[in-house]
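Below: the structure, in structure tokens.
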Amino acid sequence: MARRALKLASLVAATSGIYLYGKKFLDPNDFGAVRVGRAIVTTAVITYDYLTSLRSVPYGSEEYDFLKSQVHLRSAERLRELCCANRGTFIKVGQHLGALDYLLPEEYTRTLKVLHSQAPQSTRQEIEQVIREDLGKEIKELFVSFEDTPLGAASLAQVHKAVLQDGRTVAVKIQHPKVQAQSSKDILLMEVLLLIVKQIFPDFEFMWLGEEAKKNLPLELDFLNEGRNSEKVAHMLKDFDFLKVPRIYWELSTKRVLLMEFMEGGQVNDRAYMERNGINVNEISRNLGKLYSEMIFVNGFVHCDPHPGNVLVKKCPASGKAHIILLDHGLYQVLSEPFRMDYCRLWQALIKADMKRVQKYSQRLGAGDLYPLFACMLTARSWESVNRGIDRSPVSASEDVEIRSNAAAYLPQITQLLNNVPRQMLLLLKTNDLLRGIESALHTRASASSFLNMSRCCIRAVSTYQRSKSHSLYRRAQISVTEALSLWQINLYELFLWLKGSQLGNWVIALLSRMHHST
């Protein structure tokens, strides 16, 4: 009965909004009762489904697992429909959930992934309004040409190609006009609904989702902050000649409008595009790993939205080199020094399969007794592979299925972990999953070179930290020598792997084998 009443209330509110919209007074999505009504109804229906569908089925039985999967799927579809209808903040949060591939049940991540391609578009009139309000001029006064069809539309903004009066081709990022006003109310609504659901399901630990949205969304809605992030990361990673970051045109940028150098290329997960254009897939995967290892372990300033639409690749016609183009710099995570050092040492322990140190540094990062699960979440590998050494063998299809199944089976423990770890860890986990998705699409996941690059960055980061804390010249020299030896060992091992996989290496091995047999 309550369910019917809620549906009726939502229908009345929606119908009122549609009527007003038809009369040109109001978009139904501006009508607070419609947005709130949709969210309440969806939450109530999902909650009711979980409460009733599994009530009479024995826990742990095959029937229970089958029904639970069906409930997950229905709930994910309802959540997706809510995000598409309410747009803005809801789509942003839905995209975040869809990126947690190895942390949430597959029914949710698979269903919510489509939100990256179902973002709303602002009309020409809305775009003109934002530009007029922020830059004080009409589009025709600023640009020789301005393409009506956006290059891409996201939850908070859309990007158009344009040509300035001086002939420069630019990308114009324009914020959806109503997002700013709606975002704070949407976040408050989400927090209230999450709190209500937690009262009904005590194991439901998704309060961190509201906290993260409240902290990060205002930063993402400030395009001047995005411009500063863009310039900072370009300077920070200037030694990587394969990295391209669009230049910002500050004279025509505001909090809601960002003008950038126009850059184009294929999406980083498009293996077919790379093969057509003669781009080495393994080189791209390796260079992307280098970028993120440098950001995470060495600098502690991390681009946290590397979904394929934000990372492009292009072969330079002049040099023949493949470039990685990094876009959308609104969401960055700054890692504190103690957190970064613990994270470095944890990854070193994971690569070396040093279980005592895995336990020690996982617990220092808030995992407690759930450190085995935490190690599996970080690496997206089974506990057996973690014990054996994650660099020893690639991920098999059966192991990938096992990890995804465990995301559903251990959901209460996973949500408990996400609630307990430092807030800095949450965006790193999302970033890890997005990068793993790219590697899976390129078939380069868990390559030895990615772990070697990670090890190099961890060694450099820990050594730099130790030198900064040492007041003894002798101790600093000792740390530098140890660092150099460790890096030399990695280089030697990398040379060995290269020889092993090359034709020259095969000849050398065959020659040594013949010499051994002759003696």
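The values are calculated or read from the model by the stated rules, or taken from the named source; none is laboratory data. Note that the structure is a prediction, hence the values are computed from the model and not measured. Here the Cβ is made from the backbone with ideal geometry for all residues, glycine too, and neighbour counts use every protein chain on show. Surface areas here come from the heavy atoms of the whole protein model, side chains and all, with no ligands, DNA or RNA. Shrake-Rupley method; radii C 1.70, N 1.55, O 1.52, S 1.80 Å.
For the range 236-255, residues that are open to solvent by 80 Å² or more (accessible area, probe 1.4 Å) and not in a loop (DSSP other than H, G, I, E, B) total 2. Selection of the range 37-49 for residues being open to solvent by 50 Å² or more (accessible area, probe 1.4 Å) and over 19 Å from GLN118 (Cβ atoms) yields ILE40, TYR48.
Check the range 296-315 and report whether any residue there is modelled with pLDDT of 95 or more, polar (S, T, N, Q), within 19 Å of THR464 (Cα to Cα) and in a helix (DSSP H, G or I). So far as the range 296-315 goes, yes, one or more of its residues are modelled with pLDDT of 95 or more, polar (S, T, N, Q), within 19 Å of THR464 (Cα to Cα) and in a helix (DSSP H, G or I). Once the range 65-88 is narrowed to residues that are at negative phi and open to solvent by less than 30 Å² (accessible area, probe 1.4 Å), the residue that is farthest from the chain's Cα centre (by Cα) is VAL71.
Is it fair to say GLN348 is among the polar types (S, T, N, Q) and within 30 Å of ILE490 (Cβ to Cβ)? Here the answer is yes, as GLN348 does meet what is asked. Among the residues of the range 113-134, is there at least one that is of a type in the set (Ser, Thr, Tyr), touching a helix residue (DSSP H, G or I) at 6+ places or on another chain (Cβ under 9 Å) and under 22 Å from LEU195 (Cα atoms)? Among the residues of the range 113-134, not one is of a type in the set (Ser, Thr, Tyr), touching a helix residue (DSSP H, G or I) at 6+ places or on another chain (Cβ under 9 Å) and under 22 Å from LEU195 (Cα atoms), which makes the answer no.
Candidates in the range 280-299 are the residues that are among the β-branched types (Val, Ile, Thr) and buried (at least 22 other Cβ atoms within 10 Å of the Cβ); of these, the one that is nearest to GLU337 (Cα to Cα) is ILE296. I'd like the full set of residues that are β-branched (Val, Ile, Thr) and open to solvent by less than 80 Å² (accessible area, probe 1.4 Å), limited to the range 465-481. Correct list: ILE479 only. Taken over the range 483-504, the residue count meeting the criterion of being at pLDDT below 85 and of a type in the set (Gly, Ala, Ser) is 2. Can you confirm whether VAL233 is part of a helix (DSSP H, G or I), touching a residue at least 12 places away in the same chain (Cβ under 8 Å) and crowded, with 20+ Cβ neighbours inside 10 Å? Yes: the conditions hold for VAL233. For ALA397, indicate whether it is over 15 Å from the mean Cα position of the chain (by Cα), open to solvent by less than 20 Å² (accessible area, probe 1.4 Å) and among the small types (Gly, Ala, Ser). Criteria not met by ALA397.
For the range 435-482, give me the residue count where each residue is under 31 Å from the mean Cα position of the chain (by Cα) and assigned to a helix (DSSP H, G or I). The total comes to 27.
The sole residue among SER155, SER184 that is of a type in the set (Ser, Thr, Tyr) and open to solvent by 10 Å² or more (accessible area, probe 1.4 Å) is SER184. In the range 341-396, counting only helices (runs of 4 or more DSSP H) that sit wholly within it, the ones holding 1 or more residues that are modelled with pLDDT under 90 and touching a Cys at 6+ places or on another chain (Cβ under 9 Å) span 383-388.
Of the helices (runs of 4 or more DSSP H) lying entirely inside the range 113-230, those carrying at least 3 residues that are touching a residue at least 24 places away in the same chain (Cβ under 8 Å) and in contact with a strand residue (DSSP E or B) (Cβ under 8 Å, 6 or more places away or on another chain) are 124-135. Per this entry, VAL34 is not counted among residues that are touching a helix residue (DSSP H, G or I) at 6+ places or on another chain (Cβ under 9 Å), on the phi < 0 side of the Ramachandran plot, exposed (fewer than 15 other Cβ atoms within 10 Å of the Cβ) and at pLDDT below 90. On the given criteria, is SER253 of a type in the set (Ser, Thr, Tyr) and within 30 Å of ARG38 (Cβ to Cβ)? Considered against the rule, which asks whether it is of a type in the set (Ser, Thr, Tyr) and within 30 Å of ARG38 (Cβ to Cβ), SER253 comes out as no.
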